[in-house]
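Chemist: Handing you a structure now.
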Amino acid sequence: TAYEIPKRDWSSDVCSSDLPTNFNDVDNTIKELISLNSANISLKATPVIQILNLNKLVDLFEYFEKFNRMYKKQVIDIRPGFVFNPDYNNIEHLPKEYKIECFRKIYFWMLNNSKYQSIQFSNSIKALKTKCYEDKFNPSKLKEFYEFTKTLDKIRNNDLAVCNSELYSVIKDYA
């Protein structure tokens, strides 16, 4: 299956809870560091793959990779990792079909848009493939995840059903 990744401003396509409260500061700092064009500066983005962001990773990767395309070299090295604790955030608990769908979008993006990433990025995506094709679905962990997220949403004044409706539609029956 082919997927089209639309061109968009990543920061306007997510809820405020998806971004650090000072995202504009982060974005400006990244731009400032890149503009220094110093051999002594190495930027590494280390997103942590978890239930909440699996279906949003393409947007995040695209945000970082756009800097590489702009400068026609690697200025930001994306090095994803995986969350293991707390366990209810681990993507292994998601339904296999959902994980595979998310992985296919990520892989399609990687093949078509990731020109400047290192072997570490490719290795992380290979590890992600393994995790996505495993069937370790655990409804009780999804319930824990949802309860934790509801608590955070009250603090953040957000709602998972609004911020990540795709994920919510997958887990709502287990909540």
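The values are calculated or read from the model by the stated rules, or taken from the named source; none is laboratory data. As the structure is a computational prediction, the values presented were derived from the model and not from experiment. Reconstructed Cβ throughout: ideal geometry from the backbone, glycine too, with neighbour counts over all protein chains shown. Protein only, heavy atoms only, side chains kept; ligands, DNA and RNA dropped before computing areas. Shrake-Rupley method; radii C 1.70, N 1.55, O 1.52, S 1.80 Å.
Chemist: How many residues are under 22 Å from residue 32 (Cβ atoms), without any contact (Cβ under 8 Å) to a residue 40 or more places away in the chain and among the aromatic types (Phe, Trp, Tyr) when one looks only at the stretch 42-86?
Modeler: The number of residues fulfilling the criteria is 3.
Chemist: Follow-up. Right, residue 99: assigned to a helix (DSSP H, G or I) and crowded, with 20+ Cβ neighbours inside 10 Å or not?
Modeler: Taking the combined requirement at face value, the residue satisfies it.
Chemist: Also, quick follow-up: I'm trying to understand the selection: among the residues of the stretch 152-165, which are open to solvent by less than 50 Å² (accessible area, probe 1.4 Å) and aliphatic (A, V, I, L, M)?
Modeler: Of everything in the stretch 152-165, those that are open to solvent by less than 50 Å² (accessible area, probe 1.4 Å) and aliphatic (A, V, I, L, M) turn out to be 160, 161.
Chemist: Are there any pairs with C-beta distances below 7 angstrom linking a residue in the stretch 87-109 that is closer than 19 Å to residue 58 by Cβ and in contact (Cβ under 8 Å) with a residue 40 or more places away in the chain to a residue that is open to solvent by less than 10 Å² (accessible area, probe 1.4 Å) and outside any helix (DSSP H, G or I), with the two at least 6 apart or on different chains, and if so which?
Modeler: Close Cβ pairs (under 7 Å, with a partner that is open to solvent by less than 10 Å² (accessible area, probe 1.4 Å) and outside any helix (DSSP H, G or I)) amount to 91/49.
Chemist: Another question, then. Residue check: is residue 39 loosely packed, with under 13 Cβ neighbours inside 10 Å and hydrophobic (A, V, I, L, M, F, W, C)?
Modeler: When the stated conditions are applied, residue 39 passes them.
Chemist: Here is a follow-up. Would you mind stating whether residue 116 is of a type in the set (Ser, Thr, Tyr) and not in a helix (DSSP H, G or I)?
Modeler: Judged against the criteria, residue 116 is a match.
Chemist: Follow-up. Can you go through 79, 104 and tell me which one is open to solvent by 20 Å² or more (accessible area, probe 1.4 Å) and touching a Ser or Thr at 6+ places or on another chain (Cβ under 6 Å)?
Modeler: Sole residue among the options that is open to solvent by 20 Å² or more (accessible area, probe 1.4 Å) and touching a Ser or Thr at 6+ places or on another chain (Cβ under 6 Å): 79.
Chemist: Something else about it: With small (Gly, Ala, Ser), farther than 21 Å from residue 167 by Cα and not in a helix (DSSP H, G or I) as the only criterion, which of 38, 124 stands out?
Modeler: Being small (Gly, Ala, Ser), farther than 21 Å from residue 167 by Cα and not in a helix (DSSP H, G or I) holds for just one of 38, 124, which is 38.
Chemist: I would also like to ask the following. I'd like the full set of residues that are of a type in the set (Gly, Ala, Ser) and in contact with a Lys or Arg (Cβ under 9 Å, 6 or more places away or on another chain), limited to the stretch 116-169.
Modeler: Scanning the stretch 116-169 gives 118, 124, 161.
Chemist: What is the number of the single condition among (1) modelled with pLDDT of 95 or more; (2) buried (at least 16 other Cβ atoms within 10 Å of the Cβ) that residue 149 does not meet?
Modeler: Residue 149 satisfies every listed condition except (1).
Chemist: Okay, moving on. From the list 67, 84, pick out the single residue that is of a type outside the set (Lys, Arg), surrounded by 14 or more Cβ atoms within 10 Å (Cβ to Cβ) and farther than 18 Å from residue 168 by Cα.
Modeler: Being of a type outside the set (Lys, Arg), surrounded by 14 or more Cβ atoms within 10 Å (Cβ to Cβ) and farther than 18 Å from residue 168 by Cα holds for just one of 67, 84, which is 67.
Chemist: From the set of residues in the stretch 110-145 that are touching a residue at least 12 places away in the same chain (Cβ under 8 Å) and basic (Lys, Arg), which is most open to solvent (accessible area, probe 1.4 Å)?
Modeler: Checking each candidate, the answer is 115.
Chemist: Still on this structure, please answer the following. Only residues in the stretch 146-159 that are more than 17 Å from residue 174 (Cβ to Cβ) count as the first member; pair them with residues that are open to solvent by 80 Å² or more (accessible area, probe 1.4 Å), Cβ under 8 angstrom, at least 6 apart or cross-chain, and list the lot.
Modeler: 156/16; 158/16
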